[in-house]
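Here it is, the structure in full.
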Amino acid sequence: MKLADDIISNNHGEMHEVLPESCHFVQENKKTLNRKYLVNKLNFINFQDGSITVNFKHRKYNSTISLQAKPLPCLDDSLNCSWVDTDDLFQKLRTHHYINFVVPDNQKLILVEAEVKKIDGDGISFSLPESCSEISSRRVKRHYCEGVQAQLAQHGAIFDGILVDFNAFSFRVEVSSIPPQSFQWINLESPVTIALKIGREILYTGECLIIRQGCGQKSRAFVLKPLCNHIRRFKPREYRSTRYKLVPSPNIIFKDPFTGKISNLKVIDLSGSGFSVEEDEQNSILLPGKIIPEVAIDFANAFQITCKVQVIYRNDRANDSRPCGTIKCGLTILDMDLNDHVRLLGFLQQAEDGNTYVCTRVDPEQLWDFFFETGFLYPKKYSFLQLHKEKFKETYEKLYTRNPNIARYFIYQQNGIILGHMAMIRFYRNTWLIQHHASRKTNSYKPGLLVLNQISRYVNDIHKLYSAHLEFVCCYFRQDNKFPRRVFGGVAKFINDPKGCSVNSFAYFHYKSSSIQWDLSGPWILTKTQPDDIKELQSFYEYESGGLMLHAMDLESDMIDCGDLCTAYQKLGFRRERHLFSLKKDEVLKAIIVANTSDIGLNMSDLTNCIKVIVMDENDLSKDTLYSMLSLLSGKFEQQEIPVLLYPASYAETQFIPCERNYNFWVLNLQYLDQYFRFCEKLMTHAWHE
């Protein structure tokens, strides 16, 4: 006996148009089931508020239809059911006669040849037979969907509708034609673009081939097959995140957005940017391109982290050792809470090297001892710090015990002793500032390189996530400091493109607050920066350097107001403010001043709590005018000696301004990460052999 495929798959309780299919349900190697098994299954369906499929045949034309019915509690050989949908029911019953009914049973179906006792507009009653048959379902089960909007487009024609059912290989949509639209506009031989969404959130888009279509005039069903089993969500990378096979392996648990049902799948391998899972082929739901808004990665019930993911590929031949009938699917992480991501990366880095730690709890006394012993807090730096050492301690206690999402630190330690340390903070909207890089000298390890590798892998894993706010990485380093000059200066030379990596030099000194008065009657004015001032600054900087400094520092005309980041700091118990001023002479812009105020000690050189002056006319801004302006702004700072950074550094020489040192401001555009890792690979190969 052959049973038409669409009799089984129609879950609407309506007589929709029939879409002929080549695949049928066939009773081959049939398995006989007894009545007791059937009754238990029917009661389970009642418990789940599910339905069975009752099949009918037209009395004259032999066409088949199916109706959905809800089984009532069943005790013995009698089954009563109520119809799911009663629209046009009497007309259907007059023109069709009953054949049999089908009960879903996981991946199988139960075909029941039952005798009808009663049938009317309310429901249908059966006398159950002693036995029934298990029949095989389609190779891949179709999953009924509800509440998923569909939009089918081809060559400018757009039809709206719903997603009826789907699996990972094909899906069926039902769309409407609204005059003057016509289904004749759809070319069956050309691909169509389909978009599936719930509310405003798009969960799938892709090009598909039309496999079948119905014949409705106002609404029509289309069975579509995606053209690709692999999508490229991101640009292909030469240096990808490291994948780990963990023991025990975690599971992913999620509520499928199309079906509303819970899935639990085993993870094959896992990285900081994605993972692969194993899926049963017959029950497959991971359609390449599909977005799953919330997935929990469960580590043996010890802890869970949640993320938003997208299916990237499916491959049934990727691993011959996997059981027959399973599919390997790859998923990429689109977004994740930053603290959850830190937990994940800390776990993975520990799996590779037990001495590496990401944002682990640190003994403050041991950390301060490390900073002094390594010379990171050298005497001159400490002479400025010690005036506010209690505030320094308070800031670091918050950074290293509360794990705020604006700060990250990486530690390499052995036997409880810190050997290497590196930290970074999010000080601009989409830029993180690397700081506090120090290491103890050892004979057998190079901890400075190891923590650099840690932070590099972290950036590689996380930069694609929106919540990371990570488009640029920057740092300050002195030219006379060998290690950063070799690493960061070397990267800039290696990439050799200021739009990929740039270095700009600032002159640095401390301005001591004074009572110099601003001459309000003169030609100079200090005013709030306007978008046109920033545009002029961009023209100047592009001519002067052409690098990334302005992008990294949010000095763009549409980013003058960066209050959202300041608010984020405030909520975490930190201080971060930015004030932009324009210094003009006779209405001509001469300099842009950036006054950053933050917690003392957020950066040990106080480069996050300073005044930056970008001079656009070196010859027409005197030292006296500069000092008058600094005196006016000094009231915004707590300390008496305020760090000042001057750009370009040559301005300090031109105006004979005594400076303590020069700082190079290094910025890396993370679209150039492959070039960065290529350089680091060569650097580390040489370093380990030195």
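Filter segment 562-589 down to residues that are farther than 30 Å from GLU618 by Cα and touching a residue at least 40 places away in the same chain (Cβ under 8 Å), then give me how many there are.
Looking only at that region, the number is 7.
If you don't mind, another one. For segment 347-384, how many residues are crowded, with 19+ Cβ neighbours inside 10 Å and either acidic (Asp, Glu) or closer than 20 Å to GLY274 by Cα (or both)?
Residues flagged as crowded, with 19+ Cβ neighbours inside 10 Å and either acidic (Asp, Glu) or closer than 20 Å to GLY274 by Cα (or both) within segment 347-384 amount to 3.
Return yes or no: is LEU470 surrounded by fewer than 23 Cβ atoms within 10 Å (Cβ to Cβ), over 17 Å from PHE370 (Cβ atoms) and modelled with pLDDT of 90 or more?
yes
Quick check, is ASP558 outside any strand (DSSP E or B), modelled with pLDDT under 90 and exposed (fewer than 15 other Cβ atoms within 10 Å of the Cβ)?
The answer is yes for ASP558.
The rows are residues; the columns are (1) among the charged types (D, E, K, R); (2) farther than 30 Å from ASN460 by Cα; (3) within 41 Å of the chain's Cα centre (by Cα).
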| residue | (1), (2), (3) |
| --- | --- |
| LEU632 | no, yes, no |
| GLU638 | yes, yes, yes |
| VAL644 | no, yes, yes |
| ALA652 | no, yes, no |
| GLN655 | no, yes, no |
| LEU670 | no, no, yes |
| ASP674 | yes, no, yes |
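Yes or no: segment 376-397 includes at least one residue that is over 29 Å from HIS469 (Cβ atoms) and assigned to a loop (DSSP other than H, G, I, E, B).
Checked segment 376-397: at least one residue is over 29 Å from HIS469 (Cβ atoms) and assigned to a loop (DSSP other than H, G, I, E, B).
Answer yes or no as to whether LEU537 is part of a helix (DSSP H, G or I), crowded, with 17+ Cβ neighbours inside 10 Å and at pLDDT below 90.
It is false that LEU537 is part of a helix (DSSP H, G or I), crowded, with 17+ Cβ neighbours inside 10 Å and at pLDDT below 90.
Give the residue that is modelled with the lowest pLDDT, with candidates limited to residues of segment 438-466 that are of a type in the set (S, T, N, Q) and out of contact with any Gly (no Cβ under 6 Å at 6 or more places or on another chain).
SER444
Another question, if that's okay. Filter segment 564-604 down to residues that are crowded, with 18+ Cβ neighbours inside 10 Å and of a type in the set (Gly, Ala, Ser) and give me whichever is modelled with the lowest pLDDT.
GLY601
Looking at segment 109-121 only, could you name the residues that are within 52 Å of the chain's Cα centre (by Cα), at pLDDT 90 or above and surrounded by fewer than 17 Cβ atoms within 10 Å (Cβ to Cβ)?
GLU113
Another question about this same structure. Quick one: in segment 561-578, which of the residues that are in a helix (DSSP H, G or I) and touching a strand residue (DSSP E or B) at 6+ places or on another chain (Cβ under 7 Å) is nearest to ILE495 (Cα to Cα)?
LEU565
Can you tell which of SER190, SER125 is modelled with pLDDT of 90 or more and closer than 20 Å to GLY50 by Cα?
SER125
Could you list, in sequence order, all residues of segment 241-277 that are more than 19 Å from ASN301 (Cβ to Cβ), of a type outside the set (Gly, Ala, Ser) and touching a helix residue (DSSP H, G or I) at 6+ places or on another chain (Cβ under 8 Å)?
Across segment 241-277, the qualifying residues are THR242, TYR244.
Continuing with this model, one more query. Which of the residues that make up segment 39-51 are modelled with pLDDT under 95 and either among the hydroxyl-bearing types (Ser, Thr, Tyr) or touching a Cys at 6+ places or on another chain (Cβ under 7 Å) (or both)?
Within segment 39-51, just SER51 meets the criteria.
Yes/no per residue for (1) aromatic (Phe, Trp, Tyr); (2) buried (at least 16 other Cβ atoms within 10 Å of the Cβ); (3) outside any loop (DSSP other than H, G, I, E, B); (4) touching a Leu at 6+ places or on another chain (Cβ under 6 Å):
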{"position": "PRO129", "(1), (2), (3), (4)": "no, no, no, no"}
{"position": "ILE135", "(1), (2), (3), (4)": "no, yes, yes, yes"}
{"position": "GLU146", "(1), (2), (3), (4)": "no, no, no, no"}
{"position": "GLN151", "(1), (2), (3), (4)": "no, yes, yes, no"}
{"position": "GLY161", "(1), (2), (3), (4)": "no, yes, yes, no"}
{"position": "VAL173", "(1), (2), (3), (4)": "no, yes, yes, yes"}
{"position": "GLN184", "(1), (2), (3), (4)": "no, no, yes, no"}
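Then there's this: Only one residue in ASP480, ASP497 is out of contact with any Pro (no Cβ under 8 Å at 6 or more places or on another chain), surrounded by fewer than 19 Cβ atoms within 10 Å (Cβ to Cβ), at pLDDT 95 or above and assigned to a loop (DSSP other than H, G, I, E, B), so which one is that?
Testing whether each residue is out of contact with any Pro (no Cβ under 8 Å at 6 or more places or on another chain), surrounded by fewer than 19 Cβ atoms within 10 Å (Cβ to Cβ), at pLDDT 95 or above and assigned to a loop (DSSP other than H, G, I, E, B) leaves just ASP497.
Going by the conditions given, is ASN609 in contact (Cβ under 8 Å) with a residue 60 or more places away in the chain, over 18 Å from THR529 (Cα atoms) and touching a strand residue (DSSP E or B) at 6+ places or on another chain (Cβ under 7 Å)?
It is false that ASN609 is in contact (Cβ under 8 Å) with a residue 60 or more places away in the chain, over 18 Å from THR529 (Cα atoms) and touching a strand residue (DSSP E or B) at 6+ places or on another chain (Cβ under 7 Å).
Between SER263, SER271, SER219, which is buried (at least 17 other Cβ atoms within 10 Å of the Cβ), among the hydroxyl-bearing types (Ser, Thr, Tyr) and touching a residue at least 40 places away in the same chain (Cβ under 8 Å)?
So the residue among SER263, SER271, SER219 that is buried (at least 17 other Cβ atoms within 10 Å of the Cβ), among the hydroxyl-bearing types (Ser, Thr, Tyr) and touching a residue at least 40 places away in the same chain (Cβ under 8 Å) is SER271.
Consider LEU399 carefully, then state whether it is surrounded by 16 or more Cβ atoms within 10 Å (Cβ to Cβ) and farther than 24 Å from ASN430 by Cβ.
Criteria not met by LEU399.
Within segment 478-485, is even one residue touching a residue at least 60 places away in the same chain (Cβ under 8 Å), among the hydrophobic types (A, V, I, L, M, F, W, C) and either closer than 24 Å to GLN655 by Cα or out of contact with any Leu (no Cβ under 8 Å at 6 or more places or on another chain) (or both)?
Checked segment 478-485: no residue is touching a residue at least 60 places away in the same chain (Cβ under 8 Å), among the hydrophobic types (A, V, I, L, M, F, W, C) and either closer than 24 Å to GLN655 by Cα or out of contact with any Leu (no Cβ under 8 Å at 6 or more places or on another chain) (or both).
Let me ask something additional. Go over the candidates GLY375, GLY420 one by one and state the one that is small (Gly, Ala, Ser) and at pLDDT 80 or above.
That would be GLY420, the only listed residue that is small (Gly, Ala, Ser) and at pLDDT 80 or above.
For the structure I just gave you, tell me whether LYS441 is touching a residue at least 24 places away in the same chain (Cβ under 8 Å) and charged (D, E, K, R).
Spelling it out, it is not the case that LYS441 is touching a residue at least 24 places away in the same chain (Cβ under 8 Å) and charged (D, E, K, R).
Here's another thing I want to ask about it. Need the failing condition index for GLY546 against (1) in a loop (DSSP other than H, G, I, E, B); (2) closer than 24 Å to GLY635 by Cβ, just the number.
(2)
The values are calculated or read from the model by the stated rules, or taken from the named source; none is laboratory data. These numbers were taken from a predicted model, which means no experiment stands behind them. Please note: Cβ atoms are built from the backbone with ideal geometry, for glycine as well, and neighbour counts cover all protein chains shown.
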